[in-house]
1. I want to confirm something. Restricting to the range 156-188 and keeping residues that are among the polar types (S, T, N, Q) and not in a loop (DSSP other than H, G, I, E, B), which single residue is nearest to GLU200 (Cα to Cα)?
2. Does ASN122 qualify as being in contact with a helix residue (DSSP H, G or I) (Cβ under 8 Å, 6 or more places away or on another chain) and closer than 30 Å to ARG167 by Cβ?
3. Quickly run through the range 218-233 and pick out the residues that are more than 19 Å from SER66 (Cβ to Cβ) and among the β-branched types (Val, Ile, Thr).
4. Quick check: anything in the range 62-70 part of a strand (DSSP E or B), at pLDDT 95 or above and not basic (Lys, Arg)?
5. Quick one: GLY255 ticks every box in (1) surrounded by fewer than 19 Cβ atoms within 10 Å (Cβ to Cβ); (2) closer than 26 Å to ALA159 by Cβ except a single one, so which number is it?
6. Keeping to the range 211-229, report how many residues are in contact (Cβ under 8 Å) with a residue 24 or more places away in the chain, open to solvent by 20 Å² or more (accessible area, probe 1.4 Å) and not charged (D, E, K, R).
7. From the residues in the range 58-91 that are under 24 Å from GLU215 (Cβ atoms) and aliphatic (A, V, I, L, M), which one is surrounded by the fewest Cβ atoms within 10 Å (Cβ to Cβ)?
8. So in the range 95-125, with the set limited to residues that are of a type in the set (D, E, K, R) and within 17 Å of the chain's Cα centre (by Cα), which one is nearest to LEU198 (Cα to Cα)?
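The values are calculated or read from the model by the stated rules, or taken from the named source; none is laboratory data. Everything numeric here is computed off the predicted structure, so don't read it as measured data. Counting neighbours? That spans all protein chains shown, and the Cβs are built from the backbone with ideal geometry, glycine included. The accessibility values were calculated without ligands, DNA or RNA, using every heavy atom of the protein model including side chains. Shrake-Rupley method; radii C 1.70, N 1.55, O 1.52, S 1.80 Å.
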Amino acid sequence: MASLIETLPRPAVVEMPDNVAATPEPDAPTALEAEGLSLWYGSHQALHEVSLPIARNRITAIIGPSGCGKSSLLRCFNRMNDLYPPIRYAGAIRFHQTDVLGAGLDLVDLRRRVGMVFQRANPFPMSIFDNVSYGPRLQGVRKKSRLENLVEEALKRAALWSEVKDRLGRSALGLSGGQQQRLCIARALAVEPEVLLLDEPASALDPIATAKIEELVHDIKKSVTVAIVTHNMQQAARISDRTAFMLSGKLVEYGPTQTLFTKPRERLTEDYITGRFG
């Protein structure tokens, strides 16, 4: 018997918005690359031999239905899954020719160079200034003028400086939800990462705050590689250069965003982006 998906009429592939991100050159160098990556939480296998390059100074979106392994994959890139034992990896993740999954890796240094911002804003219960300067202080920066410069630069890159420059000594918990999320991005940028992982950073925000997050993500890719998990396909189409579609812990299709959304190679990809499931 044919499945429900197979018996439904096939809708047209969605049109791309006018401001879709430009397709990167085919030979763009990679910042990170998963190679045959599998992941188990206990006896449950969450990822199945995923191979995915993350292009340097580009935005790579990872899309797919809930529970497909998007966030699990993202957390592999800086070993955040290690916080959810018992886990087991197979395959490799290459970062500057080093296998991130190898034994003896300095995870503190990895997570500085490959930063992460989570779905819900998690500012520390301290001042705005202390939130942003927290990472540099941990790295040994003590000179006040240096910390002030780092905080200002990070807040400017996160498009938040003009809104908070006169209240840096106030609690970060007094900021709006959108401001708190941009503060978390500024906190990540303050330690000058090479890669920034974003796990649905705008899912809890209103459209105005979401637009600000998208704009700053587009701006920072000039100096930072970005990988973003999003449940919002329109968001992926607006801001990403390349898109990966995942289903049931497997990578179904990966390629330039415009191509994937207008001329997908796989039937499953077309079914998902046209709303037939997910």
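1. In the first step, residues of the range 156-188 are kept if they are among the polar types (S, T, N, Q); the result is 162, 171, 176, 179-181.
Then drop every residue that is not not in a loop (DSSP other than H, G, I, E, B), which leaves 162, 171, 179-181.
Values: SER162: 25, SER171: 25, GLN179: 15, GLN180: 14, GLN181: 11 Å.
This residue is GLN181.
2. On the way: in contact with a helix residue (DSSP H, G or I) (Cβ under 8 Å, 6 or more places away or on another chain): yes; closer than 30 Å to ARG167 by Cβ: yes.
For ASN122, the condition - in contact with a helix residue (DSSP H, G or I) (Cβ under 8 Å, 6 or more places away or on another chain) and closer than 30 Å to ARG167 by Cβ - is met.
3. Within the range 218-233, the first condition is being more than 19 Å from SER66 (Cβ to Cβ), and the residues that meet it are 218-226.
Answer for the range 218-233, where residues must be more than 19 Å from SER66 (Cβ to Cβ) and among the β-branched types (Val, Ile, Thr): ILE220, VAL224, THR225, VAL226.
4. Taking the range 62-70 and keeping what is part of a strand (DSSP E or B), we get 62-63.
From what is left, the residues that are at pLDDT 95 or above are 62-63.
This time we only want the ones that are not basic (Lys, Arg), so: 62-63.
So far as the range 62-70 goes, yes, one or more of its residues are part of a strand (DSSP E or B), at pLDDT 95 or above and not basic (Lys, Arg).
5. (2)
6. 2
7. Selected residue: LEU74.
8. The first filter runs over the range 95-125 and keeps only residues of a type in the set (D, E, K, R), leaving 99, 106, 109, 111-113, 120.
Right, trim to within 17 Å of the chain's Cα centre (by Cα) and you get 111-113, 120.
Numbers: ARG111: 13, ARG112: 14, ARG113: 14, ARG120: 11 Å.
For the range 95-125, the residue satisfying everything is ARG120.
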